[in-house]
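This report refers to the structure that appears directly beneath it.
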Amino acid sequence: MANETKFSEQESLQLIAEMIKKAKGSYHDTGIGSLLWGSVVSIASLMNFLQRTYDFKLWFDIWWLVLAAIIPQVYISIKEKKIQKAKQYDDDLVNAVWLVFGISLFAMGFYQNIVPFQVEKTIAEEGWTLMKHFTDGRPDEVIRPFTPSLYSIYILFYAFPTMVTGLVKKFNPMKYGAIITYGLFFLSLFTESRFDMLLGSIAALVCWFIPGVILRKKYLAQTRPNV
């Protein structure tokens, strides 16, 4: 008869405890991703506000900084995937939400750049122009088509994946950040477009940067004993 290995009650409880411990450590959110995006979006939005307020230009488009952040984000994602011990059932949901969020932001960027050009092309083909008429007697000015206050929609977009992540992961800082961002969205409906940039900078801080700082501290606190 083959020998059977039997676990004592204490050994069984210890094994279960180890399994639970591993499961708890399966979601390796180091906070770096949140810090990265919170930083670049906040800086880009703030710099855009300053440019429009004080009428100066940089030698490059500041929003390329956000696009460039994709490179370190890919590196971070690959690195974190390697150290991930296990995968929780809701990780796929959160990852899908952020993927759709990223695609939607790129789509919004195309909309912002392509639609005014297409409208201007249509206007030229039909042979009419948009004019700004001044009531104080100043000469009329030709207006080029543009998308007014589109950054309000960006602010609304910022809140969506943040709220979903906060609810799914039960992470209050992101939930509170999303709630504040929804408030900033409504406020942006009554402000000039340049101030929308300032509100967007605040939204990036409360949605991502501040939660990222908290996540980073928690991650370091959890990993320090294992060093």
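The values are calculated or read from the model by the stated rules, or taken from the named source; none is laboratory data. Predicted model only: the values in this text are computed from it and were never measured. Cβ: placed from backbone, ideal geometry, glycine included. Neighbour counts: every protein chain shown. To get the accessible areas, we keep the full protein, side chains included, count just its heavy atoms, and leave off ligands, DNA and RNA. Shrake-Rupley method; radii C 1.70, N 1.55, O 1.52, S 1.80 Å.
Anything in segment 108-148 that is over 20 Å from residue 193 (Cα atoms) and of a type in the set (Gly, Ala, Ser)? List them, or say none.
Answer for segment 108-148, where residues must be over 20 Å from residue 193 (Cα atoms) and of a type in the set (Gly, Ala, Ser): 124, 127, 137.
Hey, does segment 135-144 have a residue that's of a type in the set (Lys, Arg), at pLDDT below 85, open to solvent by 70 Å² or more (accessible area, probe 1.4 Å) and more than 30 Å from residue 180 (Cβ to Cβ)? Reasoning before the result, please.
Here is the first cut: in segment 135-144, the residues of a type in the set (Lys, Arg) are 138, 144.
Restricting the remaining residues to those that are at pLDDT below 85 gives 144.
Pick out the ones that are also open to solvent by 70 Å² or more (accessible area, probe 1.4 Å) and you get 144.
Imposing the further condition that a residue be more than 30 Å from residue 180 (Cβ to Cβ) reduces the set to 144.
Yes, segment 135-144 contains a residue that is of a type in the set (Lys, Arg), at pLDDT below 85, open to solvent by 70 Å² or more (accessible area, probe 1.4 Å) and more than 30 Å from residue 180 (Cβ to Cβ).
Checking residue 24 against (1) surrounded by fewer than 11 Cβ atoms within 10 Å (Cβ to Cβ); (2) modelled with pLDDT under 70, which single condition isn't satisfied?
Residue 24 satisfies all of (1) surrounded by fewer than 11 Cβ atoms within 10 Å (Cβ to Cβ); (2) modelled with pLDDT under 70 except (1).
Filter segment 179-196 down to the residues that are small (Gly, Ala, Ser) and out of contact with any Leu (no Cβ under 9 Å at 6 or more places or on another chain) and list them by number. Talk me through it step by step, then tell me what you get.
Here is the first cut: in segment 179-196, the residues small (Gly, Ala, Ser) are 183, 188, 193.
Across segment 179-196, the qualifying residue is only 183.
Let me confirm something: among 77, 42, which residue is modelled with pLDDT under 75 and open to solvent by less than 90 Å² (accessible area, probe 1.4 Å)?
Working: 42 fails: modelled with pLDDT under 75.
Of 77, 42, the one residue that is modelled with pLDDT under 75 and open to solvent by less than 90 Å² (accessible area, probe 1.4 Å) is 77.
From the list 165, 129, exactly one residue is among the β-branched types (Val, Ile, Thr) and at pLDDT 85 or above. Which is it?
Numbers: 129 fails: at pLDDT 85 or above.
Sole residue among the options that is among the β-branched types (Val, Ile, Thr) and at pLDDT 85 or above: 165.
Please name all residue pairs, on different chains or six or more residues apart, with Cβ atoms under 8 Å, provided the first residue is in segment 134-162 and is within 22 Å of residue 103 (Cα to Cα) and the second residue is assigned to a loop (DSSP other than H, G, I, E, B).
Pairs that qualify, where the first residue is within 22 Å of residue 103 (Cα to Cα) and the partner is assigned to a loop (DSSP other than H, G, I, E, B), are 149/189; 152/189.
Within segment 86-133, count every residue that is open to solvent by 60 Å² or more (accessible area, probe 1.4 Å), within 25 Å of residue 164 (Cα to Cα), charged (D, E, K, R) and outside any helix (DSSP H, G or I).
1
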